[in-house]
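Here the structure is laid out as structure tokens; the discussion comes afterwards.
The values are calculated or read from the model by the stated rules, or taken from the named source; none is laboratory data. Everything numeric in this text was worked out from a predicted model, so none of it was measured. Note: areas computed on protein heavy atoms with side chains; ligands, DNA, RNA excluded. Shrake-Rupley method; radii C 1.70, N 1.55, O 1.52, S 1.80 Å.
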Amino acid sequence: FRKLFPVILTDNGSEFTDPERLEAGALVPGKRRTRVFYCEPCSSWQKPLVESSNACLRQIFPKGVDIPDVPQETVDLAASHANAKLREALDGKGATALFVAAWGRKVLELIGIREIDPKEVDLTPGVLGLPPKQGG
């Protein structure tokens, strides 16, 4: 974990309100496994690739879906599609391809992400078997 996530850069969302717990984790009490840093409010430009991924996930999950209630396998599938999307900021590659090049397929598998052919990327609720978004 420490090698993969030495730093977490995030906003002040409710899921990150306990930085000490995130930094320490539950496996080795008292030992810091990462560092959590917060972007300034209203400064999404400080983490543009994260914002791009969030935008992809907002396309997949219809408004009103409470992510903590979604099964982990469903979240993993959505993340797999979002991370396979080719991005200009990554020299036309997807985040998954760069991750595999750096860490290998085994680590990708361990974190629950699968490789999706960029031509097969589906950023709609339909990829999860959910009904289409209502009202545009």
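With 10 Å bins from zero, work out the P(r) of the chain over every alpha carbon pair and list the percent per bin.
Reading upward from the zero bin: 11, 34, 41, 14, 1.
Please list, ordered by chain and number, the residues whose modelled amide H lies under 5 Å from the amide H of residue 36; skip anything fewer than 5 residues away on the same chain.
Here 8 satisfy the definition.
Let me have the relative contact order for the chain, percent, based on Cα pairs under 8 Å that are six or more residues apart. Walk me through the intermediate numbers first.
Numbers: 140 pairs, mean separation 28.6, N = 136.
Across the chain, relative contact order equals 21 percent.
Near the amide H of residue 93, under 5 Å away, which other amide H atoms are found, from residues 5 or more places off or on another chain, if H is placed in the peptide plane?
Under 5 Å from the amide H of residue 93 lie the amide H atoms of 87, each far enough along the sequence or on another chain.
With the Cα gyration tensor of the range 73-136 giving a ≥ b ≥ c as the square roots of its eigenvalues, does the rule (a/c under 1.5 for rounded; else a/b larger than b/c for prolate; else oblate) give rounded, prolate or oblate?
Since a/c reaches 1.5 but b/c is at least a/b, the shape of the range 73-136 is classed as oblate.
Give the shape of the range 40-114 as rounded, prolate or oblate, defined through the alpha-carbon gyration tensor: a ≥ b ≥ c are the square roots of its eigenvalues, a/c under 1.5 means rounded, and otherwise the shape is prolate if a/b is larger than b/c and oblate if not.
oblate
Percent of accessible area on the chain owned by carbon and sulfur, 1.4 Å probe?
For the chain, the apolar C and S fraction of the accessible surface comes to 57 percent.
When a/c is below 1.5 the answer is rounded, else prolate if a/b is larger than b/c, else oblate, so apply that to the range 23-84 with a ≥ b ≥ c taken from the square roots of the Cα gyration tensor eigenvalues.
Verdict is oblate for the range 23-84.
Could you report the accessible area of residue 120 in Å², rounded to 10, computed with a 1.4 Å probe on the protein chains as they sit in the structure?
120 Å²
Kindly report the accessible area of the chain per residue (heavy atoms of protein chains, probe 1.4 Å, no ligands, DNA or RNA), in Å².
70 Å²
Can you compute the helix-only [θ] at 222 nm over the chain? Use -39500 (n - 2.57) per DSSP H run of at least 4 residues, normalise by all residues, nearest 500 deg cm²/dmol. Can you show the working numbers first?
Values: 5 runs with 47 residues, N = 136.
After summing the helix terms and dividing by residue count, I get -10000 deg cm²/dmol.
Protein chains only, probe 1.4 Å: how do 5, 61 rank by accessible area, largest first?
Putting 5, 61 in descending order of accessible area: 5, 61.
For the range 42-54, in order, what is each residue's ³J(HN,Hα) by Karplus, 6.51 cos²θ - 1.76 cosθ + 1.60 with θ = phi - 60°, in whole Hz (x at glycine and Pro)?
Result, rounded to whole Hz: 6, 10, 4, 5, 6, 8, x, 5, 5, 4, 5, 5, 4.
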